[in-house]
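**Student:** Dropping the structure in here first, questions after.
Please treat every number below as a calculation from the coordinates, not as lab data. All of these numbers come straight from a predicted model, not from anything done at the bench. Quick reminder, even Gly has a Cβ in these numbers, built from the backbone with ideal geometry, and neighbours come from all protein chains shown.
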Amino acid sequence: TKTGVYLLQDGNEEPYNIRLHLAKDILTIQEQDVICVSGEPFYSSERTVTIRRQTIEGFGLSIKGGAEHKIPVVISKISKEQKAELSGLLFIGDGILQVQVLRNAGEEVTLTVSFLKKTPAFLKLPLCEDCTCVPSDQSSGTSSPLCDSGLHLNYHPNNTDTLSCSSWPTSPGLRWEKRWVDLRLIPLLHSHLSQHIPGSDVCRKNAFQVIAVDGVCSGVITCPTAEDCLDWLQAIATNISALTKHNVKKINKNFPVNQQIIFMGWVDEKEQDSVQDRMYSSKFLALRGSSLFKFSAPP
C-alpha cells in the first residue's frame, strides 16, 4: 500500500487537496469533510455555532478568502485551547456562510458554517487543526481576524472568558470530526494510466491521471516533485501489470498454447486524419496467438 496527500484538479476548477491510497487492486481518492460521528444521524452540511463571552476578547480563529477569491470566507486558523477549538464545532476549512452578532459589543456571536471540500489550494490551508502547521501569511490570501461591529474572533493570549456553545439541531449527543472520506474509487484492472494531456503528445509536469475501465477518471493528480510523481507512476503501473497478468493467466486456461493471450494493455494510436487538438486516441491491444486485436475498450 501507498498513501500521500496531493493536489487534484477536475476540469477547470482550482486544484484542491486530496489523499491518495493505493492498494493491490484499487486506487482510492479521498477528500476532507466534517461529519457527525456520534449521536443521532445528521446529514445537514451546515452547522450553526453560538459562542458567548463577557468581555471583548479573541475567539481563537482567523480567516482567508472572500469575494476577491470568488469563494466564501474560510476559517484558516484555529488556536489551541481557545473558544473556537473548545466548541468542537468549528474546523479549518469551514466556510462562514453567515455571521450574526446577538448582543452589543460582540458579547455573543452566531456563525453558520459549512465545510468546503474543494477549498482552492492557493489559500494554503493546513490539513490538520494544529495551529503549528498553519502556513505563513506571506502566502496568497493572508489570514485576518473576522470583524463585525467591533467583534474580533482572532487569538488573544490573555483570554480567560468562559465559553458556551450550541449547535443545530440542539443535541448533547452530537460530535463532529474532520476526516478523510472516499471521493472516488478507481479499480486498477485494465485501467489506463497516463501523464499525457488527452489526445496529444504533451506530457503534464509532475502530474498524471488514472481512468478506470468503466470510464471513471481520477482527475489530474499533481505531485510536488518529479521523483514523487515517478514513484506513484511506477507503483500504480506495477499493480496494474500484476492484475493484468493474473487475469491473462485465468483466461489462458481455456485456450490451447498456440491461441493463448500474450499481451493485453493500453496504447496511444496516432490518428490518420488528426486535428490540431486530437492527434492521438487510446486503444486497448490484445495479442492472442498470431493475431493482434484492437479495441476501444477492454473486451
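**Student:** What is the gain in length, in nm to one decimal, between V257 and E269 on full extension, counting 0.36 nm per residue of separation less the C-alpha to C-alpha distance?
**Tutor:** Using 0.36 nm per residue and subtracting the Cα-Cα distance, I get 1.4 nm.
**Student:** For a Förster distance of 51 Å, can you work out the FRET efficiency between the beta-carbons of K283 and Q98, rounded to the nearest 0.05?
**Tutor:** 0.45
**Student:** If you don't mind, another one. Which order results if D94, D10, D201 are arranged by neighbouring Cβ count within 10 Å, fewest first?
**Tutor:** The order, fewest Cβ neighbours first, is D201, D10, D94.
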